[in-house]
Each structure stands twice: as structure tokens, then as C-alpha cells.
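Asks: Here's a structure for you.
The values are calculated or read from the model by the stated rules, or taken from the named source; none is laboratory data. Note that the structure is a prediction, hence the values are computed from the model and not measured. Methodologically, a virtual Cβ is constructed for each residue, glycine included, from the backbone with ideal geometry; neighbour enumeration extends over all protein chains shown.
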Amino acid sequence: MNIKELPPLQPLSEQICERLRSYASELLKLNERVRLIGPRDMETLWKGHIEDCLHVLPLLPQSGTVVDVGTGGGLPGAVLAVCRPDLKFVLLDSLSRKISALSEILAAVHISNAKAVCLRSEDFASQHRECFDFAVVRAVSDSGVIAEYLAPLLKTGGCAAAMKGPSAASELEPLTGLWGRLGLNEPDLYRYSLSGHDSFLALWHKTAPCPPEYPRRPGRAEKKGWWK
């Protein structure tokens with residue numbers, strides 16, 4: 001598999017940095033009430049999570065709509081929304097307590113181009129099928145399952161991105177030649193460094209409509225892979 005290198009993070013304006021700090025502060029505050037993230041201190045949150053999410057920025061479209069599936073506390077969707085106020089974001093999660101807390105955070109930081117929605121992705125796709133220009137996930141399941149979640153949400157010509165750890169290539173390799181079943185091309189894999197360790201972004205382009213049988217009913221994607 002061909003592995004490309006992501007460009008280094010570009011400096012952010014002071015205004016954007018200040019809004020990201022406000023978001024991080026609100027996230028830590030709400031985390032005391034609702035478990036949204038692991039870190040409990042600003043330095044770990046910033047270096048291990050906020051900066052991680054910033055690596056998605058070079059892959060975002062020039063315009064349009066973005067959906068973050070399994071957003072939790074808004075990572076990466078809320079971070080990207082702060083940095084790209086010209087895009088519209090839907091931050092999707094199936095846990096109501098997380099979406100309630102995230103809605104409070106968005107309101108407190110005035111992130112008006114993002115909306116938190118409480119639904120499973122399979123149910124959301126039935127209402128908003130092939131509506132989005134870009135879809136992203138972070139720390140959600142393996143790549144085959146992720147693809148079934150994201151492909152039905154994307155317009156033809158859109159892109160899906162999955163933030164993955166060091167085993168990304170070995171996870172993708174067994175599905176080589178099969179992605180077209182979901183209307184996706186073979187993924188590109190982008191490597192970047194986070195705190196001295198390799199991380200990866202898998203990126204698929206949507207080249208054809210996703211077959212109507214996907215996504216399957218809630219929970220089915222994890223139980224039996226579409227590629228089997």
C-alpha cells in the first residue's frame with residue numbers, strides 16, 4: 001500500500017487558537033459531569049487530541065458539509081468547525097448524554113457552524129442519504145465497519161476519512177479490491193507524527209452511489225463484515 005506523508009501543521013491565527021482553548025476548557029469542565037474524553041488536564045488534551053484533530057484540515061473540502069460520526073465530545077468535528085467556519089458540520093453520536101453535553105459546549109464557545117445530533121449513523125443515513133461532501137471518524141471501530149457507516153452519507157465525489165493508529169496499513173490490506181462494493185475507491189493512507197509516534201489518516205473517495213442495502217440495520221456492521 002502506498003503511504004503518503006501529510007504536510008506539517010500550519011500555524012493557526014491567534015483568534016482560532018483562542019477559540020480552540022475555549023473549546024478545550026469547556027470540554028474539560030463538562031467532562032467532570034459526563035465522561036467525554038480520557039484526559040483530565042489541558043496539556044494532554046491539547047497535545048494528544050486537539051493537535052491530532054488538526055491533521056484532518058488539509059483533507060477537508062473547499063466548501064460544503066461535513067459529518068463527524070461518533071463525535072463524543074466533538075473530536076474531531078468541533079475542532080475542525082472552529083478552524084473552518086466556512087463549512088457546515090454535523091456532529092453525530094448515539095449517546096444522548098454526550099450530545100447534550102456537546103450541545104452545551106458548542107453554545108458556550110459560539111460554534112454556530114456545527115450542530116450536535118443524537119442518532120446512530122445507520123438511522124441518520126436513512127434520513128440524510130448521500131448528503132455530505134466529507135465524513136470523518138476518530139477512534140471508531142475498524143476500517144471496514146467505518147466504511148459501511150460513512151459511504152451511505154457521502155455524495156458521489158465526496159471523501160471519507162478515518163483517523164487510525166500504527167496498524168492502519170495491515171487493517172486496510174485484506175480489503176484491497178473490495179471497496180468498490182460500497183461505491184468507494186481504494187483508500188490513500190497518510191502518515192503523520194503525533195508526540196513522536198506515527199499516526200495515519202485513511203482517505204476514500206466516493207466514486208459511485210452506495211448500494212441501497214447499506215448501511216444495514218443498527219449493529220449488523222460490527223457482527224458481519226460486508227466484505228465476507
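Asks: Residues in segment 73-83 that are within 15 Å of R21 (Cβ to Cβ), assigned to a helix (DSSP H, G or I) and under 11 Å from the mean Cα position of the chain (by Cα): how many?
Replies: 2
Asks: Just checking, how many residues over segment 154-185 are among the hydroxyl-bearing types (S, T, Y) and at pLDDT 95 or above?
Replies: Of all residues in segment 154-185, those among the hydroxyl-bearing types (S, T, Y) come to 156, 167, 170, 176.
Okay, now just the ones that are also at pLDDT 95 or above, so 156, 176.
Matching residues across segment 154-185 total 2.
Asks: If K223 satisfies every condition in (1) without any contact (Cβ under 8 Å) to a residue 24 or more places away in the chain; (2) at positive phi but one, which is the exception?
Replies: Among (1) without any contact (Cβ under 8 Å) to a residue 24 or more places away in the chain; (2) at positive phi, K223 violates only (2).
Asks: OK, next. Quick test for you: out of V90, V34, pick the one residue that is closer than 21 Å to A147 by Cα and not hydroxyl-bearing (S, T, Y).
Replies: Step by step, each of V90, V34 is checked, and only V90 is closer than 21 Å to A147 by Cα and not hydroxyl-bearing (S, T, Y).
Asks: So which residues in segment 143-202 are of a type in the set (V, I, T) and under 19 Å from V69 (Cβ atoms)? Spell out the reasoning first.
Replies: In the first step, residues of segment 143-202 are kept if they are of a type in the set (V, I, T); the result is 145-146, 156, 176.
Correct list: V145, I146, T156.
Asks: Moving to a separate point now. Against the definition (in contact with a Phe, Trp or Tyr (Cβ under 8 Å, 6 or more places away or on another chain), hydrophobic (A, V, I, L, M, F, W, C), surrounded by 14 or more Cβ atoms within 10 Å (Cβ to Cβ) and on the phi < 0 side of the Ramachandran plot), how does V79 come out, yes or no? It would help to see each step written out before you state the result.
Replies: Numbers: in contact with a Phe, Trp or Tyr (Cβ under 8 Å, 6 or more places away or on another chain): yes; hydrophobic (A, V, I, L, M, F, W, C): yes; surrounded by 14 or more Cβ atoms within 10 Å (Cβ to Cβ): yes; on the phi < 0 side of the Ramachandran plot: yes.
The answer is yes for V79.
Asks: A further question follows. Here is a check on your reading of the model: is L106 among the aliphatic types (A, V, I, L, M), buried (at least 17 other Cβ atoms within 10 Å of the Cβ), free of Cβ contacts under 8 Å to residues at least 60 places away in the same chain and assigned to a helix (DSSP H, G or I)? Working first, answer last.
Replies: On the way: among the aliphatic types (A, V, I, L, M): yes; buried (at least 17 other Cβ atoms within 10 Å of the Cβ): yes; free of Cβ contacts under 8 Å to residues at least 60 places away in the same chain: yes; assigned to a helix (DSSP H, G or I): yes.
In short, yes.
Asks: Right, next: Exactly one condition in (1) farther than 13 Å from V137 by Cα; (2) touching a strand residue (DSSP E or B) at 6+ places or on another chain (Cβ under 7 Å); (3) of a type in the set (D, E); (4) surrounded by 15 or more Cβ atoms within 10 Å (Cβ to Cβ) is false for E26; which is it?
Replies: Going through the list (1) farther than 13 Å from V137 by Cα; (2) touching a strand residue (DSSP E or B) at 6+ places or on another chain (Cβ under 7 Å); (3) of a type in the set (D, E); (4) surrounded by 15 or more Cβ atoms within 10 Å (Cβ to Cβ), E26 breaks only (2).
Asks: I'm told L92 meets every condition in (1) free of Cβ contacts under 8 Å to residues at least 24 places away in the same chain; (2) surrounded by 17 or more Cβ atoms within 10 Å (Cβ to Cβ) except one. Can you identify the failing condition by its number?
Replies: Of everything listed in (1) free of Cβ contacts under 8 Å to residues at least 24 places away in the same chain; (2) surrounded by 17 or more Cβ atoms within 10 Å (Cβ to Cβ), L92 misses just condition (1).
Asks: Any idea which of L189, L182, L178 is within 30 Å of E51 (Cβ to Cβ), among the hydrophobic types (A, V, I, L, M, F, W, C) and touching a residue at least 24 places away in the same chain (Cβ under 8 Å)? Spell out the reasoning first.
Replies: On the way: L182 fails: within 30 Å of E51 (Cβ to Cβ); L178 fails: within 30 Å of E51 (Cβ to Cβ).
One residue alone meets the criteria, L189.
Asks: Right, another one. Report whether or not D86 is under 17 Å from the mean Cα position of the chain (by Cα) and of a type in the set (D, E). Steps first, please.
Replies: On the way: under 17 Å from the mean Cα position of the chain (by Cα): no; of a type in the set (D, E): yes.
No: the conditions fail for D86.
Asks: Looking only at segment 22-72, count every residue that is touching a residue at least 12 places away in the same chain (Cβ under 8 Å), charged (D, E, K, R) and part of a helix (DSSP H, G or I) and tell me the total.
Replies: Of segment 22-72, the ones touching a residue at least 12 places away in the same chain (Cβ under 8 Å) are 22-28, 30-31, 33-34, 36-37, 40-42, 45-61, 63-72.
Now drop any that are not charged (D, E, K, R), which leaves 26, 33, 40-41, 47, 51-52, 68.
Of the ones still in play, those that are also part of a helix (DSSP H, G or I) are 26, 47, 51-52.
Residues that pass the stated criteria total 4.
Asks: Just to confirm my filter: which helices (runs of 4 or more DSSP H) fall fully inside segment 114-228 and include at least 1 residues that are surrounded by fewer than 16 Cβ atoms within 10 Å (Cβ to Cβ)? Walk me through it before giving the result.
Replies: Values: elements: 121-127, 143-150, 168-172, 220-223.
By residue number, 121-127, 168-172, 220-223.
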